[in-house]
Structures are given as C-alpha cells and as structure tokens.
1. Let me know the shape class of the stretch 228-338, please: from the alpha-carbon gyration tensor, a ≥ b ≥ c as square roots of the eigenvalues, rounded when a/c is under 1.5, otherwise prolate if a/b is greater than b/c, or oblate.
2. Figure the gain on full extension for TYR161 and ARG561 (residue separation times 0.36 nm, minus the Cα-Cα span) and round it to one decimal in nm.
3. Whole Å is fine, so just give me how far the alpha carbon centre of the stretch 88-132 lies from that of the stretch 338-404.
4. Mind giving me the FRET efficiency for ASN441 and ALA498? R0 is 22 Å, r the Cβ-Cβ distance, nearest 0.05 is fine.
5. Taking the Cα centre of the stretch 487-600 as origin, work out the dipole magnitude from +1 charges on Lys and Arg Cβ and -1 charges on Asp and Glu Cβ, in debye rounded to 20.
6. Measuring from label point to label point, each 7 Å out along Cα→Cβ, what is the ASN84 to ILE186 span in nm?
7. Given labels modelled 7 Å from the Cα in the Cβ direction, how far is it in nm from LEU296 to PHE509?
Amino acid sequence: MTTSTSPSLVVQTSSNQLANDEEGVQRRVWRGVKRLHQISSLKWVWIIQTTMCLLGAKLALVFNKQTFSPDSQTFDGITKRFRNLKKITLDCLRLNDSTVGSILGPHIEELILLKCCSRFSKLFTRIPETCPNLRVLTLEISGFIDKFAQLMNVNLASCRYLESLRVKVRGGKIYNYSIVLVRICILMPQTVRVLKLEPASGTDISIFLSVLNTRAPITPADAAQTLTHISLVLDKITDDVIQTIARCLPLLTELDLKDRPEYEPFDDLSDLGVQSLVGFKYLTSLSLIRNRQRILTSFKRVTDMGMFLLSEGCKGLESVRLGGFSKVSDAGFTSIFNACLKLKKFEIQNAFLLTDLTFQDVSKVPRSLVEVKLVSCSSITSEAVSELATCSLLEVLDLLGCRSVADSCLNNVSRLDLLTCLNLGGADVTDVGMKVLGTGNAPIACLSLRGCKRVTDKGIMFLLRSEGKISKNLSSLDLGHMPGITDNAIATIADVCAGLTELFIRNCFHVTDASVKTLAFKGRLRRLDLYNCTALSAKSFEFLKKPLFRGLQWIGIGRTRMLCGDVGLAEIYDERPWLFICADGCEVGCHDGWQYHIVC
C-alpha cells in the first residue's frame, strides 16, 4: 500500500488587497465558501492569519481533494469567485484547455496540471510567458498524442524563478518523446534545482547532462544554479548514467532512478556504477528501483561488494530505497543499514536473499527510523518484524508480499504509538492476529490486508470492535483478494468506522448488493473499489443516485454486473458531476490508467 499526499487548490488574496478592503474581501470570500459548501465532495478550511504588520492579515481558502475531477462548469464557478490564485493543483481529466488557460497569469507561483491529454498541447507553450513567476511546474501528460512534439516549443527560460520542474508522460514508448523532454530541460532556466522526468532514455539523459554541464560549469560561484534533486524513470539504469550524473551533478542531495526494461539487459548497473555514487558527498536520499511489471528481471551485476563500497562513502544517507538487487545478500544490506546512522527511511523491494539476519541487532542501537518498507521479500519472517517494532518512532511499516510474516509479531507492532500506516498484504496473518492488532495502541489510519486469505469476517470484527485505537483512526482499509470477506464484514465496517474514507474490496466474490446498500446509507466514503465483485448486480448501481453515497468521488465497478452498457450513466453524471465511475480495472483514482479513459 502506498500512501500519497492529497492534492490541493489554494486560493490566496494578497495582504495589500485585505488592507484596502479587509471586511469587503472577507464578505465576498465567505459568500463563495457558503456556495461551495453545497458541494459535498469538497472539504474546505478557511484560515485567517494576522501578521505583525498593520492590517497585514492573509486570507486563504484551501480545498483538500483526492481523485476529485471537476467539470468545467464547477471549476468556472470556483475561479470566478477567487482571483489571484497562487497555488493550483488541478485534475484536468474533464476540463478543456480554455478553461484551464483562463486562470493562468503572473500571480501563479505553483502550477500542477494532472491528467492532461493532447488538447492541452498548445496551452503548455503559453505557460512560460503567461506565468513568468512560476516556482513549481508539474505536467502529467498522456503519451498517446500526435501533437506531443509541440512541447518542443516550451521555452521555460521566461520563468526566471523556476525551482522545480516535473514532466510525467503516461503511455507510449520512451523513444517516441524522450528527446522532447531533453529539449525542454535544455531550455529550462538555471534556477531549477528539482528535476523529474518520466520516462526518458538513458542515452538522452547522458547527452542532456553533458550539455548542462557545459552550459553551467560546477564551481563554488555557480552552486546556487546546480540541480540538487533529480528523479528519472529510464529504460535502463546503467553505469554510464550513474557516472555521468556523478560527474555533472556533484552537489546532488537526492537521487531517484527507476527503470523499466523491456528485455533482460546485459549492460545494466554493476558494482562499478554503484561505486560511482561515493562521489556524491552531499547525498541524503538515494533510490534505485527496477520495475518488474514488463519483465521479471533484476540487477544481476550488483553484488555485496557494491553495497560495501556504497556504505563506506555515503554514510550521511537519511533515505534509502533499493529494488531488484537479487544478488545482494544480508551482508550487503546490513552494511547499508548499519553504516547510515541518520537513516529515517529504509525500503527494499524484490530482494530474494534478504533475511531476518539484516535486522537481528536493531534493538541494540538507537535508531530514528520512521518508515520501513520490505516489499516482496519472501524470506522475511515475524522475527525481523518484531525487531523492527522496537523502533519507537516508526510511522510506516510496509510488508507487502512478505508471505512468512505471521501473527506472532503483531503484538509488538500494535504497541507502536506513532504507527499510522501498516501494510500486511499477502502475509500469513489470521483472525487471531486481527484480535491482537485491534486491542493495540497503534493509531493506524491506513491498513492493507489485501490477499490475507486466512482472515475472515470474524477477524474484521475482532479488529474493529475491540478497545484499541484502530477503529477510531482508520481512514483507509484494503480487503481485496480475501475470499473470507462477506457482507457481515462490510456491515461491521459501516457500523464502526465513522472516519473511513477509502474502502477497497476488489475480488471479494461473496460481497453482494446488501453491502453496497449498507455503505450507501451509513458510510462516508470518498473512494470505493468494487472491481470484480461478481456477486453485485444492477441493483447496486441504483444506490449511486442521490441522496445516497453523499461525498463519493470515485468508484470502481469493472467486471461486475452493476453497469449494463451506458444505461443510467448520464443521469448519475448529471446529478454528480464530480463523481468518476471507472468501469475498467484501475486502482483507486485511476492514477495508473487514466490515459485510457480519455479521447483526445
């Protein structure tokens, strides 16, 4: 399970405006707030801060949202009431370019446009000249577009204050547009410190960094103009890429590299490339991840020796994420874990040789770990988890795919007073373990039990009807792929979890229309995943109509019998223009499949 920060639309008025007509501004904003409060899917916070300056109060209206995709009419209603927007994070899936373009201007400092397709290509070329004061720019784009080449004309040199640039393309092949991304970066101002490109080819990145190094030599006088954070999704991580980055960006503090090879590479990262990382004297965050969705491959040329060298040269690391290092054993991982005394975040993925030995002495050394993720590490057992549970500052514990983790460690886990996120997906836990977890003091807000096939309705009752903190704090619960879950468990959840906003029950074949009815009347859900719940019928679709499911923003109904063609969809969308109904197999919010829902 992953955790994500909810996007926000921030509307601010300047201090001068309030000084001229403070009461009038407040009255106008309050009228807008009352109008927007009718939209049940928006949560709003009205903040007035008074500074030390005379009449220097600052008024801000913040809309916190997740998977909220407004239509043009709703969005126009918001922006007409609030001008001079400074920070915007916007889901563009159901908007047109003219609507978004109407809010652009020199007042914008942070612009994050998500889920954009080809109709926004011309808009992108206008951003630099229309928003010259931008400090943060993020563009998420569909790759299935013919006009993508128009991005070649995006000259960001006009944005003289730009500090962060992120361009993320979904779909298509890397070689179709990687050179476009490189051109954008070559034209970016030297003020940029944070750069994220997804995806890009390793060859093009090496060319780009070489050009960047020629344009802005690294000297003490140029330190302020140097990239300090870089995040790349590549076709293949190689020694050459690492060495080029180390040579061109020696002042780097955060390095995040992920690759998605389409075939088994023979010239990818090796111990020599890992050794090059020692050249980053200021590095505090390191992420090297191999994605295995396309092909089951790993970094076979990196061994324990590479990790030994890394641990000796990068002892200041505070965050380490390593995925796909199949030839690294406990010796290599232990060297990293014990050498980095400032370590706060530690994540290992698909490490087949990682065992409990790496964590056997955790309790003997004071540690400041707040996040530990051991994903698909099949040799990790309850013994290692019990040791990790001695880290009293732990807030996130992710054990997805650790099949040997069982009930015996949950007593220690339940005592973590700061633990808010726990992923036990695929673990060998039972109803007995749920009872232990339910009586604990851990204030768990996000819990995933996906694929825990030995947990039944009884376990959910133990978990939520006990006297622990979890039932009072739970906001997100994943019960997908659990054959023992029926309508009884859903009824318990609806009765007990008043603060629950996300519920995932995909592939739960014994969940029927009765569960949807219960959630419709009692729940306060914002996101609900019912994918492949085959016992559901068209009767459940009727519960999506007002006034039921008040506040629902996203629902996944793919591979169910809830929807018969497009019958009833128009009526639902007319009533709830901010609700998105996904009839495919996307995970919540369609973050990994939204590009398939658009027609450009």
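Values in this text are rule-based calculations from the coordinates and carry no lab data. All of these numbers come straight from a predicted model, not from anything done at the bench. FYI the Cβ positions are ideal-geometry reconstructions off the backbone, even for glycines, and counts take in every protein chain you see.
1. Values: a/c = 1.70, a/b = 1.22, b/c = 1.39.
Because a/c hits 1.5 or more and a/b fails to exceed b/c, the stretch 228-338 counts as oblate.
2. Numbers: separation 400, 0.36 × 400 = 144.00 nm, distance 5.22 nm.
Gain in length upon complete extension: 138.8 nm.
3. Cα centroid to Cα centroid, the span is 42 Å.
4. Working: r = 19 Å, r/R0 = 0.89.
Result of the calculation: an efficiency of 0.65.
5. Working: 13 positive and 13 negative charges, 58 e Å.
Around 280 debye, computed over the stretch 487-600.
6. The modelled label-to-label distance comes out at 4.1 nm.
7. Computed distance between label sites LEU296 and PHE509 equals 2.4 nm.
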